[in-house]
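J.: First, the structure itself, so that you have it in front of you.
The values are calculated or read from the model by the stated rules, or taken from the named source; none is laboratory data. Owing to the predicted nature of the structure, the values given are computational and were not obtained by experimental measurement. Counting neighbours? That spans all protein chains shown, and the Cβs are built from the backbone with ideal geometry, glycine included.
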Amino acid sequence: MLVTLLWLDARQGPLFGVWLLPVLLVVSVLATEEVLSLLRAKHYAPVAWPIYAGNLLIPLAAAAPLLFALAGWSFPEGNPLGRGGWPMIALALAAIAVIGGEMGRFRQPGSAIVNSALGIFTLVYIGLLVSFLALLRLFESNAWGLLALLSVLVITKMADTGAYFFGRSLGRHKMTPILSPGKTWEGAAGGVASACLASWAVFHWLGPWLVGSAYVEPSILASLLYGLILAAAGMHGDLAESLLKRDMQRKDSSSWLPGLGGVLDIVDSVLVAAPCAYLCWILGLVGPG
């Protein structure tokens with residue numbers, strides 16, 4: 001299904017991103033529900049509607065160039081915010097709405113500040129981090145944007161896979177015995193090695209195939225460094241979700257996907273890797289010269 005959507009999206013010409021944006025919005029809504037469900041397990045109850053609205057608005061703001069194109073308008077590239085500034089404005093507006101929601105239902109002291117803080121946390125953790133996937137897909141051009149997005153998905157998932165298999169076969173030394181007892185330093189090393197190898201493969205083989213004659217392959221050092229950064233960020237994302245689940249005393253974020261847990265259990269590493277990847281692309285570590 002995802003491969004089909006990626007193929008369709010790659011063939012959209014100037015409207016690239018139009019097939020993947022709905023998927024991103026669905027992921028954002030489902031992940032938002034999972035975070036709110038985890039919070040409800042400990043009887044925290046931020047006002048939900050501005051959080052859902054914000055976590056739709058923020059990735060939509062990141063996809064502003066696509067929305068402008070769909071409307072037949074010219075996107076104002078020369079604005080002082082740049083493309084990355086649009087999600088920040090959306091985040092600010094959503095945070096204001098979260099506080100306004102708490103103001104509207106305030107009856108007695110004791111929970112408004114905590115619920116406001118948790119609501120804004122959910123906006124940042126889901127809405128803002130998800131928005132970087134849209135920014136990556138819309139980076140530079142159709143081909144470069146697809147390569148940027150695929151690089152994050154492939155490298156982080158290869159890091160996850162490598163960490164799992166190396167940890168199962170060679171794992172002896174626990175990395176975080178309380179937070180995530182199954183993770184080992186041997187698994188982490190295997191995840192980093194797998195990510196670095198996947199990064200080199202993406203830029204050596206996938207890059208020329210997607211971009212064509214205009215492609216300039218990054219140096220081996222840059223490819224390996226990119227893989228290392230995404231592996232470390234992905235592990236951080238995995239442990240961040242473990243922290244949330246342990247603190248709320250839940251095993252999985254939800255039961256949406258039997259045997260796999262919830263949407264967060266699948267995308268946790270990608271959420272944190274995406275902004276790190278975007279920084280690498282805009283700073284020129286990888287991407288068009």
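J.: Going by what's in this entry, would Ala92 be described as of a type in the set (A, V, I, L, M, F, W, C), in a helix (DSSP H, G or I), out of contact with any Leu (no Cβ under 8 Å at 6 or more places or on another chain) and within 22 Å of Ala10 (Cα to Cα)?
T.: Considered against the rule, which asks whether it is of a type in the set (A, V, I, L, M, F, W, C), in a helix (DSSP H, G or I), out of contact with any Leu (no Cβ under 8 Å at 6 or more places or on another chain) and within 22 Å of Ala10 (Cα to Cα), Ala92 comes out as no.
J.: Please go through the range 17-46 and give me each residue that is outside any helix (DSSP H, G or I) and either outside the structural domain of Arg105 (by TED's automatic domain parsing) or surrounded by 19 or more Cβ atoms within 10 Å (Cβ to Cβ) (or both), ordered by number.
T.: Gly17, Pro46
J.: Are there helices (runs of 4 or more DSSP H) fully within the range 198-289 with at least 1 residues that are modelled with pLDDT under 90 and among the acidic types (Asp, Glu)? List them.
T.: 220-248, 263-283
J.: For the range 56-75, which positions are free of Cβ contacts under 8 Å to residues at least 60 places away in the same chain and touching a Phe, Trp or Tyr at 6+ places or on another chain (Cβ under 8 Å)?
T.: Ala64, Phe68, Ala69, Ser74, Phe75
J.: Can you name every residue in the range 94-110 that is buried (at least 16 other Cβ atoms within 10 Å of the Cβ) and without any contact (Cβ under 8 Å) to a residue 40 or more places away in the chain?
T.: Ile99
J.: Checking the structure you have, find out if any residue of the range 82-90 is loosely packed, with under 13 Cβ neighbours inside 10 Å, under 25 Å from the mean Cα position of the chain (by Cα) and not basic (Lys, Arg).
T.: Yes - at least one qualifying residue is present in the range 82-90.
J.: I need a count of the residues in the range 11-21 that are over 20 Å from the mean Cα position of the chain (by Cα) and on the phi < 0 side of the Ramachandran plot.
T.: Looking only at that region, the number is 4.
J.: May I ask you to verify whether Gly110 is over 27 Å from Ser141 (Cβ atoms) and either of a type in the set (Phe, Trp, Tyr) or at pLDDT below 85 (or both)?
T.: Taking the combined requirement at face value, the residue satisfies it.
J.: Right, here's the next one. For the subset of the range 47-79 comprising residues that are assigned to a loop (DSSP other than H, G, I, E, B) and hydrophobic (A, V, I, L, M, F, W, C), which member is surrounded by the most Cβ atoms within 10 Å (Cβ to Cβ)?
T.: Ranking the qualifying residues of the range 47-79, first place goes to Ala63.
J.: Select from the range 22-51 the residues that are more than 22 Å from Gly237 (Cβ to Cβ) and within 20 Å of the chain's Cα centre (by Cα) and list them in ascending order.
T.: If the condition is that a residue be more than 22 Å from Gly237 (Cβ to Cβ) and within 20 Å of the chain's Cα centre (by Cα), then Pro22 is the only one that fits.
J.: Scan the range 154-182 for residues that are touching a Leu at 6+ places or on another chain (Cβ under 9 Å) and modelled with pLDDT of 90 or more and report the count.
T.: Going through the range 154-182 one residue at a time, the tally reaches 6.
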